[in-house]
């Protein structure tokens, strides 16, 4: 007996299929447009900069925002002219060692670095928000180029490192790219706008900054051990690729530095890890007390960067093999 199809079922199914198909095409076009705008306006995002690298480098700079002024105002190019070395700065705002390792792995899948300069900050080794949390940050995802291989690497971090699966879903679907209100603007970190400014000392601004960088955590010791382990993985990844690793603590204003919690314990733990991996730790945190060297509570301004390079960093860069 021939099966009967209810009147109107087939046409409705076809209509639904057409609407779904049209919707998918529109979504794909919007996503392609968002990706094009990302490349058109890209500048600061570490993955974008890694993709843009045209050659292997002598020095790869990693860390959080205190490393970023080394690439402001064309200063990275000045360092390259002075030293004759190629330098690529892949530091990012608020990025701890777990995210930095992710960036390093992506770079090494495409290029090579003879040396890695890691700018270590105690706050970045203390809280998930600067590590697992950075993978889920919408502003960062909105500026991160899409690669199937990077999606696979991110899936690995979801499976093994406790990264929120929603970060992977966001990256694959392009949700943050499609909803990026600043998609037509150049990707410039707000801190670069104050690069030529000199900070006026402010106890309230310093306390606010400390509160932001050091949010409450349930177990500080466990968190520090977790992110020191992530950093050890970064060092081992670099060394397996043949790169040397140097750790630097950036200069800070004396009063702000005195407010940092747990610095003695972090410094000792970092030093012990460095000794095990035969890595030098160069602590310049107290080397430049003049407040005129700082754009805000804890970032060097243009004068400070130039002085830091001349007095300290240049010798570090040129003496490496």
Taking residue 190, is it without any contact (Cβ under 8 Å) to a residue 12 or more places away in the chain and within 20 Å of the chain's Cα centre (by Cα)? yes
Scanning region 278-305 for residues that are over 23 Å from the mean Cα position of the chain (by Cα) and either exposed (fewer than 15 other Cβ atoms within 10 Å of the Cβ) or in a helix (DSSP H, G or I) (or both) gives 278, 286, 289, 290, 291, 292, 293, 303
Listed by first then second residue, the pairs whose first member lies in region 12-29 and is surrounded by 10 or more Cβ atoms within 10 Å (Cβ to Cβ), whose partner is outside any helix (DSSP H, G or I), with beta carbons under 9 Å and at least 6 positions apart or on separate chains, are 27/174
Of the conditions (1) over 29 Å from residue 122 (Cα atoms); (2) in contact (Cβ under 8 Å) with a residue 40 or more places away in the chain, the single one that residue 81 does not satisfy is (2)
If you go through 84, 8, 42, the only one that is surrounded by fewer than 20 Cβ atoms within 10 Å (Cβ to Cβ), under 30 Å from residue 245 (Cα atoms) and modelled with pLDDT under 95 is 42
Subset of region 264-275, residues surrounded by fewer than 16 Cβ atoms within 10 Å (Cβ to Cβ) and either in a loop (DSSP other than H, G, I, E, B) or touching a residue at least 40 places away in the same chain (Cβ under 8 Å) (or both), comes to 265
### Query
Hey, any hits in region 307-314 for a residue that's under 25 Å from residue 196 (Cα atoms) and not in a helix (DSSP H, G or I)?
no
In region 57-78, anything at positive phi and more than 16 Å from the chain's Cα centre (by Cα) is listed as 73, 74
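Give region 88-127 a look and list any residue that's part of a loop (DSSP other than H, G, I, E, B) and closer than 17 Å to residue 239 by Cβ, or say none. Even if it seems obvious, please write down each step before you answer.
So in region 88-127, the residues part of a loop (DSSP other than H, G, I, E, B) come out as 90-96, 109-112, 120-121, 126-127.
If the condition is that a residue be part of a loop (DSSP other than H, G, I, E, B) and closer than 17 Å to residue 239 by Cβ, then 109, 111, 112, 120 are the ones that fit.
For residue 183, indicate whether it is touching a residue at least 24 places away in the same chain (Cβ under 8 Å), surrounded by 13 or more Cβ atoms within 10 Å (Cβ to Cβ), touching a helix residue (DSSP H, G or I) at 6+ places or on another chain (Cβ under 7 Å) and over 24 Å from residue 67 (Cα atoms). Talk me through it step by step, then tell me what you get.
Details: touching a residue at least 24 places away in the same chain (Cβ under 8 Å): yes; surrounded by 13 or more Cβ atoms within 10 Å (Cβ to Cβ): yes; touching a helix residue (DSSP H, G or I) at 6+ places or on another chain (Cβ under 7 Å): yes; over 24 Å from residue 67 (Cα atoms): yes.
For residue 183, the condition - touching a residue at least 24 places away in the same chain (Cβ under 8 Å), surrounded by 13 or more Cβ atoms within 10 Å (Cβ to Cβ), touching a helix residue (DSSP H, G or I) at 6+ places or on another chain (Cβ under 7 Å) and over 24 Å from residue 67 (Cα atoms) - is met.
Being on the phi < 0 side of the Ramachandran plot and modelled with pLDDT of 95 or more narrows it down to one residue among 181, 186, 160; which is it?
Details: 181 fails: modelled with pLDDT of 95 or more; 186 fails: modelled with pLDDT of 95 or more.
Answer to the selection: 160.
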Filtering region 90-120 down to residues that are surrounded by 24 or more Cβ atoms within 10 Å (Cβ to Cβ) and under 19 Å from residue 293 (Cβ atoms) yields 91
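Conditions (1) surrounded by fewer than 20 Cβ atoms within 10 Å (Cβ to Cβ); (2) over 30 Å from residue 316 (Cα atoms); (3) over 15 Å from the mean Cα position of the chain (by Cα), marked per residue:
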{"position": "126", "(1), (2), (3)": "no, no, yes"}
{"position": "130", "(1), (2), (3)": "no, no, no"}
{"position": "138", "(1), (2), (3)": "yes, yes, no"}
{"position": "152", "(1), (2), (3)": "yes, yes, yes"}
{"position": "160", "(1), (2), (3)": "yes, yes, yes"}
Taking region 125-172 and keeping residues over 16 Å from residue 103 (Cβ atoms) and in contact (Cβ under 8 Å) with a residue 60 or more places away in the chain leaves 125, 126, 127, 128, 129, 142
Taking region 193-217 and keeping only residues that are in contact with a helix residue (DSSP H, G or I) (Cβ under 8 Å, 6 or more places away or on another chain) and either modelled with pLDDT under 90 or at positive phi (or both), one is left with 201
Taking region 218-236 and keeping residues at pLDDT 95 or above and either in a loop (DSSP other than H, G, I, E, B) or touching a strand residue (DSSP E or B) at 6+ places or on another chain (Cβ under 9 Å) (or both) leaves 231, 234, 235
Considering every residue within region 163-178, establish whether at least one is at pLDDT 90 or above, in a loop (DSSP other than H, G, I, E, B) and within 22 Å of residue 69 (Cα to Cα). no
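The values are calculated or read from the model by the stated rules, or taken from the named source; none is laboratory data. These numbers were taken from a predicted model, which means no experiment stands behind them. We place every Cβ from the backbone using ideal geometry, glycine too, and count neighbours over all the protein chains shown.
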